[in-house]
Amino acid sequence: MRLADFDFYHDFLLEKTGLNLTQEQAYIVDSRLTPIARKWGFANLETLTMAMRGVPPAELAREIIESMMTHETSFFRDLDVFNHLRDVTLPALMKARRKQKRISIWCVGVSTGQEAYSIAMLLKELPKTTGWTFEILGTDLVQDVLDKAERGNYSQSDAQRGLSIHLLLKYFDQKKDGQWHAKRALKSIIEFKRHNVMEPLRSVGMPDIILCRNVLDECKADVRESLVFSLSRAMADDGTLCLGRDESADGLEDLLAPAPGAPGLFTLIK
Amino acid sequence: MPTCLIVDDSHVVRKVIKHIAEDLDFECTEAENGLIALEACQKQMPDGIVVDWSMPIMDGLTFIQKLRQLPGGKLPRIILCSSETSTPQIRKALSAGADEFIMKPFDANIIESKFRLAGLL
């Protein structure tokens, strides 16, 4: 791929998604955009790029953005994070919300939904939750993965990654084709919605916990800092922000304090 | 170093699981059916057992039931593997004393995940 074309997609994706591609990833751009060029009737990637430099159809721009996103996820990914939420974060939050009896959680970059369903199972397994309302919002930029999340159907292979057999039997129904389908008990507390984390966060309310794990790690440092700042301001004052276990809150040390014993978890400094 | 007993009548499957378990820092031993595995456990109880359901001489389900009745037999964490993956079959395995269940086919990620879920990691 020509350097000028790579530079164009680098800037385009940085502006639209915060994704900061490196030149070593040029081959990924090439391999993912060439089929899109063919699908849209362009002779090659160069002519697609020429069209993109003009006023491209919104649908084409969306396809290009979506093709560059990664969707790696699994149930209870980084189990120690979920254990910390179960044993420390949620009990403290439930104590603080004992009058409202309502907890809301936002999963940013929810991909095909495993993280949202994992949180739903975690909440369902908590003791003494009669009368409580739990709301989980799962958002992603890519409609196709959200559609899959909404359906809640997982292959045998996906259903075995991170999910114990006990929870699988309790919260999923086995279909004739071997897929496992999330039960209504989980689906009823999750809403999936298309949202670009680069856009204003007004529509997400004020969640008590925000999970944005391994979503921003490929963003440019200043974009990342700005997004983590926005997420911090969007959550409840006593809320918890979960980034990836190896992600830090660089530049926001005055705003966010790491939760002891839980890599990637942060609370607001009061 | 934690120990893991791998029980399967297929030499190839034992080799594959052994390779994965050794990468997870387990010291592995092998048995080709439930009866041999039971004898091995009576000599030394492993920390974890990965056992196939369908085997000649003694199948995985019978092995688990007998093992759980031995002195110290409740200690090992047991992962039962099977290509019989209907919900009633899985429930039967758990009732017999399996801690986790792997639906075949599997890969290294699934094995590692199940080791973790069974409390072996």
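The values are calculated or read from the model by the stated rules, or taken from the named source; none is laboratory data. Not measured: the values here are computed from a predicted model. Glycine gets a Cβ as well: all are built from the backbone with ideal geometry, and neighbour counts include every protein chain shown.
One residue alone among B:Asp47, B:Asp52 is in contact (Cβ under 8 Å) with a residue 60 or more places away in the chain and away from chain A (no Cβ under 12 Å), and that residue is B:Asp47.
When A:Glu66 is tested against (1) over 20 Å from A:Arg194 (Cβ atoms); (2) part of a helix (DSSP H, G or I), only condition (1) is not met. When A:Phe76 is tested against (1) within 26 Å of A:Thr267 (Cβ to Cβ); (2) without any contact (Cβ under 8 Å) to a residue 40 or more places away in the chain; (3) assigned to a loop (DSSP other than H, G, I, E, B), exactly one condition is not met: (2).
Kindly indicate whether any position in the stretch B:30-37 is within 19 Å of B:Met1 (Cα to Cα) and away from every other protein chain (no Cβ under 12 Å). Before the answer, list the steps.
We begin by selecting, within the stretch B:30-37, every residue within 19 Å of B:Met1 (Cα to Cα); these are B:30.
Pick out the ones that are also away from every other protein chain (no Cβ under 12 Å) and you get B:30.
Scanning the stretch B:30-37, I find at least one residue that is within 19 Å of B:Met1 (Cα to Cα) and away from every other protein chain (no Cβ under 12 Å), so the answer is yes.
When the stretch B:82-104 is filtered for residues that are part of a strand (DSSP E or B) and more than 8 Å from chain A (Cβ to nearest Cβ), only B:Ser82 remains.
The set of residues in the stretch A:177-233 that are part of a loop (DSSP other than H, G, I, E, B), of a type in the set (D, E, K, R) and away from every other protein chain (no Cβ under 14 Å) comprises A:Glu199, A:Asp208, A:Arg213, A:Asp217, A:Glu218, A:Lys220. When the stretch A:124-158 is filtered for residues that are small (Gly, Ala, Ser), assigned to a helix (DSSP H, G or I) and either more than 14 Å from every other protein chain (Cβ to nearest Cβ) or in contact (Cβ under 8 Å) with a residue 24 or more places away in the chain (or both), only A:Ala149 remains. As a summary of the residue check, B:Asp23 satisfies the conditions (1) under 22 Å from B:Ser113 (Cα atoms); (2) in contact with a strand residue (DSSP E or B) (Cβ under 8 Å, 6 or more places away or on another chain) except for the one numbered (2). Within the stretch A:159-176, being in a helix (DSSP H, G or I), closer than 20 Å to A:Ser111 by Cα and facing another protein chain (nearest Cβ under 10 Å) holds for A:Ala159, A:Leu168. Kindly establish whether B:Arg116 is more than 12 Å from chain A (Cβ to nearest Cβ) and surrounded by 14 or more Cβ atoms within 10 Å (Cβ to Cβ). So B:Arg116 does not fit the description; no. Scanning the stretch A:16-34 for residues that are closer than 19 Å to A:Val215 by Cα, part of a helix (DSSP H, G or I) and at pLDDT 90 or above yields A:Gln25, A:Ile28, A:Val29. Just one of the listed residues (A:Val81, A:Val29) is surrounded by 16 or more Cβ atoms within 10 Å (Cβ to Cβ) and in contact with a Phe, Trp or Tyr (Cβ under 6 Å, 6 or more places away or on another chain), namely A:Val29. When you scan the stretch A:102-118, do you find a residue that is within 14 Å of chain B (Cβ to nearest Cβ), closer than 29 Å to A:Asp246 by Cα, in a helix (DSSP H, G or I) and modelled with pLDDT of 95 or more, even just one? Within the stretch A:102-118, one or more residues are within 14 Å of chain B (Cβ to nearest Cβ), closer than 29 Å to A:Asp246 by Cα, in a helix (DSSP H, G or I) and modelled with pLDDT of 95 or more.
Checking the conditions here, which among A:Thr89, A:Thr129, A:Thr70 is among the β-branched types (Val, Ile, Thr) and either closer than 20 Å to A:Ser188 by Cα or in contact with a helix residue (DSSP H, G or I) (Cβ under 6 Å, 6 or more places away or on another chain) (or both)?
None of the other options fit; the residue is A:Thr129.
Please verify whether B:Ile78 is more than 9 Å from chain A (Cβ to nearest Cβ), touching a helix residue (DSSP H, G or I) at 6+ places or on another chain (Cβ under 7 Å) and assigned to a helix (DSSP H, G or I), treating the condition exactly as stated. No, not satisfied.
Considering the stretch A:92-116, and only residues there that are among the charged types (D, E, K, R) and touching a Ser or Thr at 6+ places or on another chain (Cβ under 8 Å), the residue that is surrounded by the most Cβ atoms within 10 Å (Cβ to Cβ) turns out to be A:Glu115.
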